[in-house]
Structures are given as structure tokens and as C-alpha cells.
């Protein structure tokens, strides 16, 4: 118990002492980081409208916190193109955002794949669009260890300290737990200690600073960070790359106004054809938004169902 508390304290301290990058909407304001060969995107005037605002939450981002500036510009872009004011709903975890979507207190959200599957199966959460990054609409779970660690494969993390992200994250929790279940193991039986950091960025930092021996992280976050600010990723190595999974999508409540749904979809699908939209996407390292299908997430659904069945047998 004392060791667990010490690990949690160190993770919390890590978040306070570093200019940490986060992958989900955090309460602190992000500072703009100018990427190489990227021009600053001109800011547009706010839309003046008496209409009800479009309420948006960022439950998952394809970039670490330093890329939040592009999400802010994306929301400004949607506001301008739709003629409707945007209200940013700042929530810190996937469960909170799904609850707000279910109660219709959010109209649109960027969520992780796991929470989408849960929301779809629970209350009919709908896909609006999905990003295409690096030429595909898939991503991976990376199991990482410190660059100097003797760990070369997942099994080498037996008896070590491990970092998960959010409990309902696909890449940061479900995938490694599924792998353990296939080995007839659980986090309690396999790892010496484990904890949750609640962001992929903090998991990367925890491994880089040897607070954890290994972690499961979103491939898109790791790759973006490795290209733009490899301070921590350069101290880590990928010891396992999972099969591909449906990429974190943009979702809406099934009861949203059909005209608003159509308008939002048109705006996002057409971004890559618009000069300003293309610059925003470039900063996010997204090719374009595309139409997804629920079947893209069947492998995640199957993992969840299998893991639940195995747990019920014990």
C-alpha cells in the first residue's frame, strides 16, 4: 500500500513539476508551441450569434498538450463555418464526457475508441467523422520501456511497475489488460505495482524518468511527440506494437438536430480542401477527416467482451 501511494505521489508530482503534455482536455491553459515549417494560423473574429452554442468536449486528442493550440483553432474554425458559437466544456476523463453525452449536455466530442464503443453500446452514441492520420484511420497501442531498460518484450515487465492511462482507454488500458487475460494473468498477478496516470503524456514521462518500468500509450501521441518535442520519447523505446484499431473518432448524441449534424459533418469533411482548414490539420498531423463505420471498432468491442467474460469466470 505504501509503495502504491508513493507511486501515485510521484506521478502527481510529475504532473506539477513538468510542463506536462496531456492528451485529454485538461483545465490548465496550453501554451502555443510553434512547430518547424508551420506558419501561425491567423485568428478569426468570434461569431456573434444569439443561437444556442454548440457544446464541445475534447476527451481525446491526437496530439499532446502542446498541440492543443490547433484544437482551439479547429473549434474557432467550426464556429466560423457553422455560424454558431462554440462552448468548450472542459472535462478531464472519458467517463465524465460519456456521461455528459448521454445526458445531452454535450453536442459533440472528440473521444477515444474505447469510450466510443461503450457509449454506442450503452446509449447509441453516433460517429460523426474520424481523422485520417499517416494515411490511415487506425492507431496502435505502444508498450514502452526506458531506453536503457533490459526489457525487450511485454513478458519482461513481469514483476515490474507499470503505468496505465485512463481505466477505459483502449490503447492505454484495455489492450494491455486483454494481453494479460490471454496469458491468464491480471495486472495484480503480473505486475509488482501499477497505477493510472490519466494521460498518455504523463505515462511517457513516467517511463522516461524511470518512475514506471513500462507503460501502454497511444501511438499517435507518442509519434507526434517524438517528431515535435522528443525530450521524453527519446528516453523510451517501443517494445511492442499492437494490432491496428479504429482511430479515436468525433462523436455526437443520436438525438442531435439532423441539420446541425449534416452541417458539422460537411465542415469537418471539407477542412482539407480549405487553406485555413488544411493548415490546422497540418499542425495536428492529420491528413483529413473521413467517414468512419461502427465496424471499424469491432475489434475493440470483441476485446472488451472477451475480457469481461474471462473476468466473470474467475
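The values are calculated or read from the model by the stated rules, or taken from the named source; none is laboratory data. Note that this is a predicted model, so its numbers are computed, not measured. Note: ideal-geometry Cβ built from the backbone for every residue, glycine included; neighbour counts use all protein chains shown.
Could you please find all residues in the stretch 266-289 being in a helix (DSSP H, G or I) and either within 20 Å of the chain's Cα centre (by Cα) or surrounded by fewer than 17 Cβ atoms within 10 Å (Cβ to Cβ) (or both)?
266, 268, 269, 273, 275, 276, 278, 280, 281, 282, 283, 284
Residues in the stretch 128-142 that are part of a loop (DSSP other than H, G, I, E, B) and either in contact with a strand residue (DSSP E or B) (Cβ under 8 Å, 6 or more places away or on another chain) or surrounded by 20 or more Cβ atoms within 10 Å (Cβ to Cβ) (or both): 137, 140. Within the stretch 268-280, the residues that satisfy the criterion of being over 13 Å from residue 130 (Cα atoms) and in contact (Cβ under 8 Å) with a residue 40 or more places away in the chain are 276, 277, 279, 280.
Quick check on residue 176: is it closer than 18 Å to residue 303 by Cβ, surrounded by 19 or more Cβ atoms within 10 Å (Cβ to Cβ), in contact (Cβ under 8 Å) with a residue 12 or more places away in the chain and out of contact with any helix residue (DSSP H, G or I) (no Cβ under 7 Å at 6 or more places or on another chain)? Yes. Of all the criteria given as (1) within 20 Å of the chain's Cα centre (by Cα); (2) under 17 Å from residue 161 (Cβ atoms), the one not satisfied by residue 193 is (1). Looking at this structure, is residue 145 crowded, with 23+ Cβ neighbours inside 10 Å, in the same structural domain as residue 202 (by TED's automatic domain parsing) and touching a helix residue (DSSP H, G or I) at 6+ places or on another chain (Cβ under 9 Å)? In short, yes. Residue count for the stretch 213-238 under the criterion of being without any contact (Cβ under 8 Å) to a residue 40 or more places away in the chain, surrounded by fewer than 17 Cβ atoms within 10 Å (Cβ to Cβ) and assigned to a helix (DSSP H, G or I): the result is 1. Taken as a whole, the condition of being touching a strand residue (DSSP E or B) at 6+ places or on another chain (Cβ under 6 Å) and either on the phi > 0 side of the Ramachandran plot or not in a helix (DSSP H, G or I) (or both) applies to residue 292.
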